[in-house]
Amino acid sequence: MSDLALYSPAAADGASVLKRSDVSVTRAAPLARLAFRGDATAAGKAGAAFGASLPMTPLAANPVGKRAALWLGPDEWLLLAAPETETQDVPWSLARSLFDEVETALATIPHALVDVSERNVALIVSGPGAARLLNTQVFLDLDESVFPVGQVTRTLFTKAEITLWRTAPDTFVLECWNSFAPYIEGLLATAPEDAT
Amino acid sequence: MTQRNRTQEGGRIDREAPVSFTFDGKRYQGFAGDTLASALLANDVHLVGRSFKYHRPRGIVTAGSEEPNALVGVARSQARHLSGEATPNLRATQVEIHDGLAAESQNRWPSLSFDIGAVNDKLSPLFVAGFYYKTFMWPKSFWNKVYEPFIRSAAGLGRAPKKPDTDTYANTYAHCDVLVAGSGPAGLAAALAAARSGARVILADEQAEFGGSLLHERGAEIDGKPASDWLAGALAELGDNPRVTLLPRTTVFGYFNHNFLALAERVTDHLAKPDPERPRERMWQVRAKQVVIASGAIERPLVFPENDRPGVMMAEAGRIYANRYGVLPGKRIAVATACDSAWRAAFDIAEAGGAIAVIADLRADPPADLVARAAALGVRVERGCAVTGVIGKTRVKRVLLGRISDAGVLSAGEVDVDCLLMSGGWTPNVSLHSQARGKLDWQADKGAFLPGDPVQAQGSAGSCRGVDGLAEVLADGARAGVAAATAVGHEGDTPEFAATGGEAGDGWWLGAVPHDRDAARVRAFVDFQNDVTAKDVKLAVREGMQSIEHIKRYTTTGMATDQGRLSNMNALSIASGALGNEIPQVGLTTFRQPYTPVTFGTLATTSRGDLFDPVRKTPIHDWAAKQGAAFEDVALWKRAWYFPKGGEDMHDAVARECRTVRESVGLFDATTLGKIEIVGPDAAEFLNRIYTNPWTKLGVGKLRYGLMLNEAGFIMDDGVVGRLAEDRFHVTTTTGGAPRVLAHMEDYLQTEWSDLDVWLTSTTEQWAVIAVQGPKAREAIAPLVDDIDLSGDAFPHMSVREGHVMGGIPCRLFRMSFTGEAGYEINVPPSRARAIWEAVWANVEKLGGCAYGTETMHVLRAEKGYIIVGQETDGTVTPDDVGMTWAIGKKKPDFVGKRSLARPDLVAEGRKQMVGLLTKDGKTLLEEGAQVTVERSPARGTSALGHVTSSYRSPAAGRPIALAMIAGGRARIGETLHVPMPDGGIAVEVVRPVFVDPEGTRLNV
Amino acid sequence: MLLIHCPWCGIERPEIEFRCGGEAHIDRPGQPGDLDDRQWADFLYMRSNPKGLLAERWRHVHGCGRFFNAVRHTVSDSFVCVYKTGEPCPDLEALAREGAQ
C-alpha cells in the first residue's frame, strides 16, 4: 500500500481513518524507531550496522527491505525497522536488538542513539488525491517535480509537527508524535470531499 | 411576476431559469445569472439600505465589490434567516441569487422606507468630521453609561450572527509559477500567455464568471470573433490545461511578503441546495513565484449635492446591468460625466431600450464623434454642464443642471428622470500593488496614481496600470504573462490578439463638482458608506489635519469596506485643494489587507471546535474519564484534575485524595511531563552548564533535582534528572515547559558549545509515566515489577533503574517524590501504559488507595513547600528568592545564569522571598494572586509587600495554607501581615514554607 | 509569511518552520565572572537594532532543527544571505551598498 515493505496497515480495528475513491488514510503498524545523532563517520558505521546506510543528502530517505534510514538534519537520522514476522506486535525487542548492534558497532565513536519507537505513530496517505488532501493542512509544494518520491522532511501539519515522506508518486507516510495523531486524523477525516 | 426593468433580450442571464428570492420579506423574481443587485434593479428596486451615520436612504451604486451602499444581510433560506444565520454586510452586487435566498436591508428600524434613525440626518451638524472625538469628550463619567453604549449600538452595519456558524470552511495551500489576479482581458491574456509557456498558473477572479469587461463589452471582437465567443474559447483552453487552476468567485484579498497571497473562494453560497460535503468557503494560501495583478480600474463618482440618492449610479454599472444582466437601471436616465466612457454607457443603454434624457458633460468640448452619435440617437447633450443636485428622497425624481462659466455656475434647469448615471473617470485599482508594498507614481495627465516599480516578484497589467483600450490591454496582459513565465524559467512567445471595439476613452474629474447651491445646506458625499462629505474633508483640514492619514482617520473617509476605492481620489483632491498642496505631496493612504471583507469562518478555516488546537491526551485519559475525573488544560494536554466520588465537590474530593496519599497510596498520571534524553560523552558537562546543580559526581542509577535558569538569572524550569549511564541522562521538565526547555538547550548546544559531543532527543511521548505515591507505594507496585530490587537499601530515594514490569515490558523506574511521601514514577511504553496502570490500580484499590489528579498533586507539594515553576515563579524569581540556593553548585565556574546571580538588583536587600502564610483564624482560604500588606486596611496607593502564589486547604495541616512571595519575607517569619480584600483585611502569619514533615523522614521508608 | 532558505536543508521554507533567535554574533563570554556589571548588562540586553541589514540567528525548528545565521533587511524583510553557524559575519555595509545599486 505504501509501496514499501516497511509500512503495513495496523492490524487493529479502526486502522482506516479515511476511505474515499481517490484517497485513503490508514494507521500503520508499529515499528522500531531509533533516533541517531552523530557526525558522518558515526553515521557511516551506524548505517553498516543497521543494514541501511544513513543518507548524507538532505531530505533523502534510504529504504532497504523492511528498514529505512531517513535524513532529518545534518547530524540527525531516523532509523525505522519493521519486524520480520507478522506475529511480532510490539517493536521493543527489535528496537533493543538494533540498538545493541549499532551501539556495539559505534563503540567509542561519539554519537547518540535513542529508542523512540513508541513516540511516533505513522499514517499512510495513499491515492491520486493524496497530495491534495495533505495540502489542506500542509503548506509544502507537493508537486512531484518539487517534492519527489523519496523526499522526507519534518514540517508542520497546521499546528502539529510531522515528518512527511513521499514513498511513491501517490503515497505519503506521515509520522507524528502519538498525542498529535487524533488532531491530524481529525483534520484529514473531515477534509471536504472536494479537496481531493 | 414582472421584472419591469428587464430588457426583452440580451445579457448573460438564463431567461429559461427563473429564480425566486425575497428582499425584506417581499418575494421577487430574477433569473439564474443575476446578482441580487441586478435582480432588484430588474424589479425597479433601487432603495436597498440606510447609510451608516445619517441613515439616509441609499441605492445600488456599482456593479462590483466596491459597492458602498447595497450592503445586505443574506441567508440561504427564509428559515436560516429567521434563525439568525444571515450573513451581514454582503454586497448585493456580489451576491448571486438562487431559489429561496432571503436578503434583508440593514441599518434601518422599523423599516427601510421609514427609519427612526433618519433623525440623524436632521441632526447632521452634530455628526461632522471628528464627531467621535468632539461629542464624546466629556464629562468623563458619561463614558461607561452613555457614550460607550451609544457608540456600540451605532457602530457597524448589519447584525452579527449570535449562534455558532453551522457552515464548514476549508483550507488549501497551493503553489504556482504565476498567479493572475483578475480575469478581465488583461488577466486572461496574461494567463493564456503564461500557461502556453508551460508555467503552473492560478487564475482567480472575485466574480462568478471570468471575463471582466468582456462580459459586458458590446460589439467588441477579438481575433475576429465576438468578445464573448473568444472568452469562451480562452476559458476552454485554460480549463483543458492541467497546469492551470481556475478559481472563480475567489477574491485575492491579501498580498503578503515574499509573494504569499491569501484568496477567499466562495464555494457554495450561490447554490440553493449545496452538497453538505462541500465547504461554504475555502481559504487558498498561495505561494506564487510571480504575480500578475490585473485588477482593472474602478469608475469614480462625481461629488455633487445629493449624489447619494437612490437611483444615482455609476455609468459603467448602468452599462453592465444593461449589457450583462439585461436590466435597465431606469426608464428615463440622465448621464453626468467628465469622461468618454459614460457616453458609451449611455449609447449601450439607449440601444437596450433605455431613454437617455440628457448627457451633461463637465467638459466644454467632449469628442465630436460622441456628440454626433448622441445627436443621431436624439439624445440631448449639455457641454460644460454639471449636475448640481438631485430631487427625490428614496429615488431620483429630478436632477438640477448648472452651466459652468467664468462667472460661476448658472442654473440650467431641471430634468425629470428616475436614474442618474455618473462618471468622474477611472481610478486604476492599485490595491494589491499597494498591499505588496509597491509605491505609487502620480500621473498628472491621467489624474491617477499608477503602480510604481514592483517590490516583490510581481507586475501589473491592463487598466490597473493605466493602459486603456481593449487591444492595448490584451497586449499588455500578454506581455505581463510572458514576462512572469520567463522570470520563472518558462520562456514562450508573446501571443498576439487582434481586437476591435472596447476603445480607450479620455476625460476625468477629481474632487467636488462646482454648483450654485447654498453650500451651508447641501451635502455632496465623498464616501457613501461612511457618510463623509466634501465639507467634512475641508473641515478636517481647517481643524488642523494635514496628513492624508490623519484626514482619513478624522473623517473616516476611505475606511469603509471598499477601502476608499471609490472615494480616495476625490477625498484626496478636496484635501489637496484645502491644503493648497499638490496631490502627490499630500499622498494616498496605504491599501491594506483584506481587499474586501472576509468571513471569520474563512480566516479560521478548520481551526475551530475540537480541532482548534491539538488536544493531547495520555494513554490513561480514557480510564480517568471513565472514573469520572474532571480535567484541566495544561499546555495542550488534558490532565486529570481530580476524581470526585459519590457526589463529592472538588474540595471534598481533593481532601480525600490528599489524605489517602499520605495514609496509604495514590496513583497519578505524570505522562505529560516533558522528557529529554541527553546522550554523549559530554552529557554531564552539558548538564553542568545548563543546570545550576553539579552533575559530574552523580552516580549511574541516581536521580537529582535540577534547576534551570535563563541567562538573566531567573528560574525558567525544573525537573528531576536521572543518570542511566555515564553518557546517558533521562531529563524531565515541566509539562508546559518541555518545548521551551529543549529549545533553550539546543540553542546553547548548537551556538555556544558546539564543541561538546552530546545530543538531545525528546522522549516525552516515548514514555507514559505512572506515579505511585504514599507509604504503601512499594506494596502497590512490587507484584508487577519483574527484575528490580525495590528494597530501601537496594533502591533508595532518588534512584533510577531500568528493568521490566508485567512479564517483559520495558520500564524505567524512578524512586522519587513530589508529594513528600515515598513514591515511584514508572516510565513505560505508552502502548502498554493503560494495562499497566490498571494492574497497579487493582493493587492500589486493594490497599485502600486512590487515583488523584493535578489539584491534589498541587496541594501535596505545597504542603512540602515545593515550588511550581510558573506559579511561585514568574520569570523574575531567582533561586535564592525561593530558598533554593542549595540547588546551586557552588564550585562550578559557570552555568547559564550564574553571572547574573551577582547582578546588583539580584543581590539587593528587600527582594521578594517565598514564605508560607497561615491565616490567623485558621479557617479562611486566601485567594491566589491576592496582595499582601502590612496594614489591615492600607491607604489607597500603598504598595503591596507581595502576593499569594499558592493557596489550598491542607488536610495534613488541618487548615488552609498558602505560599507567598513577600519582600524581605524570610526576615518577616513570625510577623503578622494582612491580605486586604473587598470585605476587609485578612490577618496572616508569616511562616516557613513547609507545612508537613520538614525533616523529610517520610521519603526514606 | 516570509520564505527562508535553510543552508542545511538547501531549500526555502515558510517562516513558520523557523524561529528567530535574535541578533547573531553576540558570543557568550568564556568567563562571565570576569565581566563587570556594565559589560554583563551589555551582553545580556544591548542589541544593535538597526534600520537596515541585520545578521540574525534563525533555527529551522520544524525542519532540520539546526541554527544558522541570516542577513535580513529589517524594513523590507528581504533576506540577503544565509550562512551556517560558526561562519563569519558577512560585511553588512558592503551588502547594503550592493543592495542599493
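Miscellaneous remarks
- The slack between B:D223 and B:K697, meaning 0.36 nm per residue of separation minus the straight C-alpha distance, is 162.0 nm.
- Cα-Cα over 30 Å, subset of A:K159/B:K163; B:K163/B:K552; B:K864/B:K891; B:K638/B:K864: B:K163/B:K552
- Positive-end extreme of charge dipole, the protein assembly as shown - chosen from B:G719, B:I298, B:A357 (charges on Cβ): B:A357
- Using R0 = 56 Å, the C-beta based FRET efficiency linking C:Y83 and B:A725 works out to 0.95.
- Charges were assigned to the Cβ only: +1 to each Lys and Arg, -1 to each Asp and Glu. The resulting dipole of segment A:31-116 about its Cα centre is roughly 140 debye.
- Charge sum, other residues only, whose C-beta stays under 14 Å from B:A485's C-beta, Lys/Arg counted +1 and Asp/Glu -1: +2
- Amide N proximity, segment B:641-676 versus B:R953 label position 7 Å along Cα-to-Cβ, cut-off under 19 Å: B:641-663
- Cα→Cβ-extended label distance, 7 Å offset, between B:S124 and B:T876, nm: 5.5 nm
- Within the shell of other residues whose beta carbon sits under 13 angstrom from the beta carbon of B:Y866, the net charge comes to -3, with Lys and Arg scored +1 and Asp and Glu -1.
- All other residues whose Cβ lies under 14 angstrom from that of B:L450 are scored, Lys and Arg at +1 and Asp and Glu at -1, for a net of -2.
- Protection-proxy order for peptides C:4-12, B:57-65, A:28-36, each taking the mean of Cβ atoms within 10 Å per residue, highest first: B:57-65, A:28-36, C:4-12
- Helix B:854-864 axis versus longest C-alpha principal axis of chain B: approximately 50°, rounded to the nearest ten.
- Global form of segment B:384-517, assessed from the alpha-carbon gyration tensor, a/c cut-off 1.5: prolate
- The overall shape of segment B:899-1003 is oblate: from the C-alpha gyration tensor, with semi-axes ordered a ≥ b ≥ c, the ratio a/c is 1.5 or greater and a/b is no larger than b/c.
- Compared with the dominant Cα axis of chain B, that is its longest principal axis, helix B:368-377 is turned about 70°.
- At R0 = 51 Å, FRET efficiency that the Cβ-Cβ distance of B:R15 and B:A160 yields, to 0.05: 0.85
- The packing ranking of peptides B:780-786, B:473-479, highest mean first, is B:473-479, B:780-786, where packing means the average number of other beta carbon atoms within 10 angstrom of each residue.
- Residue among B:T692, B:F256, B:G922 farthest towards the positive dipole end of the protein assembly as shown, charges placed on Cβ: B:G922
- The label point for A:A105 and the one for B:K331, both projected 7 Å from the Cα toward the Cβ, are 9.2 nm apart.
- A straight chain from B:A498 to B:R278 at 0.36 nm per residue would run longer than the Cα-Cα distance by 75.1 nm.
- Three-way shape call for chain C based on the alpha-carbon gyration tensor, with the a/c threshold at 1.5: oblate
- Just so you know, the Cα atoms of chain B work out to an Rg and Dmax of 37.4, 114 Å.
- What you get for the protein assembly as shown, charging only the Cβ of Lys and Arg (+1) and of Asp and Glu (-1), is a dipole of about 3440 debye around the Cα centre.
- Averaged over peptide A:157-166, the number of partner chain Cβ atoms lying within 10 Å of each residue's Cβ comes to 3.
- Counting Cβ atoms of other protein chains within 10 Å of each Cβ in B:605-617 and taking the mean gives 5.
- For segment B:58-68, Karplus couplings with θ = phi - 60° (6.51, -1.76, 1.60), whole Hz, Gly/Pro x: 9, x, 6, 9, 10, 10, x, 6, 7, 3, x
- To the nearest ten degrees, helix B:340-351 and the longest principal axis of the Cα atoms of chain B are 70 degrees apart.
- Cβ-Cβ FRET estimate between B:R659 and B:K626, R0 fixed at 22 Å, reported to 0.05: 0.40
- Model label sites at B:A939 and A:D22, defined 7 Å from Cα along the beta-carbon direction, differ in position by 7.7 nm.
- Residues whose placed amide H lies under 5 Å from that of A:L156, excluding near-sequence neighbours: A:F139, A:I162
- Filter on A:K45/A:K66; B:K617/B:K776; B:K289/B:K439; B:K675/B:K912 - keep pairs with C-alpha separation over 26 Å: B:K617/B:K776; B:K675/B:K912
- Neighbouring partner chain Cβ atoms per residue of C:7-15, average, 10 Å criterion: 5
- Peptides B:580-590, B:755-765 ranked from most to least packed, by the mean per-residue count of other Cβ atoms within 10 Å: B:755-765, B:580-590.
- Chain A: Rg to Rh, with Rh as the Kirkwood radius over Cα pairs: 0.97
Where a number appears in this text, it was derived from the coordinates with a stated rule and is not lab data. If you're wondering where the values come from, they're calculated on a predicted model, not measured in any experiment. When we count neighbours, we look across all protein chains shown, and the Cβ atoms used for this are built from the backbone with ideal geometry, even at glycine.
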